[in-house]
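The values are calculated or read from the model by the stated rules, or taken from the named source; none is laboratory data. This structure is a prediction, so every number in the text was calculated from the model and none was measured. All Cβ positions, even for glycine, are placed from backbone atoms using ideal geometry, and neighbour counts span all protein chains on display. Ligands, DNA and RNA are stripped out before the accessible areas are found, and what is left, the full protein with its side chains, is counted by its heavy atoms. Shrake-Rupley method; radii C 1.70, N 1.55, O 1.52, S 1.80 Å.
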Amino acid sequence: MAVVGLAIGSATILGTVMATVGGFVAEWRRTRHASRQERDQRVEREQEAHQRELQASLAEVRLAVIKVSVGTQLVQDMRRTDAARLDNRDLPDRIRRIRDDYPKAEAALLGLWGISHSEETREVVASLLEEVAWAFQYGKSAGGADVDPVEVDRRIKQRVQQLSIAVTAEGTCPQRPGEH
């Protein structure tokens, strides 16, 4: 009888220990799952915030770059023919605007470069920066070399399109800083 009582008592203790361990394991799994969900949600929120920041910066870049492009095209047209000018002040005023717009475009491009995590996006930003600098060389003065306004438009629009594609790709498949 004592043996049976000892066996029942041991089984009860073993059952209690097993239930306690099972409870701890279940709680550990639940906590681990909740922690993983929280981490995934945080990463998703960070990715969405980064995508919004990229898109806002891209919009700022587009506007600033197009201002320089259109301004350069107008200066080139005005330099070629007086008929393109509204009055005697039109050309100097346009040149002043380009001189004001170029640093803004450069700053917007460098800002986008800074927030980008993608090497591809950064490379396209750098190439667009070169194109804008190239266009600016033809729009910053009333004299100097001429360039076909259509060429300015084509080159800038091509780079802006490449940048839009790169930013969209980065926003949908974000990389962490340092990943390539």
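Would you call LEU91 in contact with a helix residue (DSSP H, G or I) (Cβ under 6 Å, 6 or more places away or on another chain) and farther than 30 Å from SER164 by Cβ?
Against the criterion (in contact with a helix residue (DSSP H, G or I) (Cβ under 6 Å, 6 or more places away or on another chain) and farther than 30 Å from SER164 by Cβ), LEU91 qualifies.
Given VAL125, VAL147, VAL132, which one is open to solvent by less than 40 Å² (accessible area, probe 1.4 Å), modelled with pLDDT under 95 and not basic (Lys, Arg)?
VAL147
Could we say that ARG36 is at pLDDT below 85, open to solvent by 100 Å² or more (accessible area, probe 1.4 Å), over 30 Å from LEU163 (Cα atoms) and among the charged types (D, E, K, R) here?
So ARG36 fails the test.
When you go through ILE115, ILE95, ILE8 one by one, which is the residue that is β-branched (Val, Ile, Thr) and within 30 Å of ASP146 (Cβ to Cβ)?
ILE95
Listed residues ALA56, ALA2; which is at pLDDT 90 or above and either closer than 30 Å to VAL124 by Cβ or over 31 Å from the mean Cα position of the chain (by Cα) (or both)?
ALA56
Residue-by-condition table, conditions (1) surrounded by 21 or more Cβ atoms within 10 Å (Cβ to Cβ); (2) polar (S, T, N, Q):
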position: GLN55; (1), (2): no, yes
position: LEU63; (1), (2): no, no
position: ILE66; (1), (2): no, no
position: LEU86; (1), (2): no, no
position: ARG99; (1), (2): no, no
position: GLU106; (1), (2): no, no
position: LEU109; (1), (2): yes, no
position: TRP113; (1), (2): no, no
position: SER116; (1), (2): yes, yes
